[in-house]
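Some notes on the structure that comes next.
The values are calculated or read from the model by the stated rules, or taken from the named source; none is laboratory data. All of these numbers come straight from a predicted model, not from anything done at the bench. Counting neighbours? That spans all protein chains shown, and the Cβs are built from the backbone with ideal geometry, glycine included. These area figures cover heavy atoms from the full protein model, side chains too; ligands, DNA and RNA do not enter into them. Shrake-Rupley method; radii C 1.70, N 1.55, O 1.52, S 1.80 Å.
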Amino acid sequence: MDIIISNSAGVPIYEQITQQIKGLILRGELREGEALPSMRLLAKELRISVITTKRAYEELEREGFLTTVPGKGCFVAPRDLELVREDCLRRVEEHLSQAVDIAKGGGISLEELTGALNILYGDE
């Protein structure tokens, strides 16, 4: 499991871990029932505190992405991926709506906004 941590990202480390693991699950790179590294092992690999990995795993469990089996570890929880994708799409639409409002207020054209989105998404 490849997780990349950035100290200069302006995003808490536990949140970076959470977002990346969610992405792995949503893309099918981590499958239902698959075991995740122990909190201690992940902390050691990333050279961060166990408390940070614990917080990330707890957040993922709270959101229904992971399930913990006492004495065995954390596993990818069974999920309806279509519902997860729908929720993700809803959140993206909310943010894009805000971006459109800001762009319109600043006189930015649709072409400029689309160009910026393509650059941010990595298509250009």
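In this structure, does Ser38 turn out to be touching a residue at least 24 places away in the same chain (Cβ under 8 Å), more than 28 Å from Glu82 (Cβ to Cβ) and of a type outside the set (A, V, I, L, M, F, W, C)? Answer is yes for this residue. Of all the criteria given as (1) under 16 Å from the mean Cα position of the chain (by Cα); (2) at pLDDT below 90; (3) farther than 20 Å from Arg91 by Cα, the one not satisfied by Ser8 is (1).
Pairing residues of the range 74-90 that are closer than 26 Å to Thr53 by Cα with residues that are open to solvent by 90 Å² or more (accessible area, probe 1.4 Å) and assigned to a loop (DSSP other than H, G, I, E, B), at Cβ distances under 8 Å and at least 6 apart in sequence or on separate chains, gives Val76/Arg31; Val76/Glu32; Ala77/Glu32; Pro78/Glu32; Arg79/Glu32.
Among the residues making up the range 36-81, those that are aliphatic (A, V, I, L, M), open to solvent by less than 60 Å² (accessible area, probe 1.4 Å) and over 22 Å from Ile4 (Cα atoms) are Val69, Ala77.
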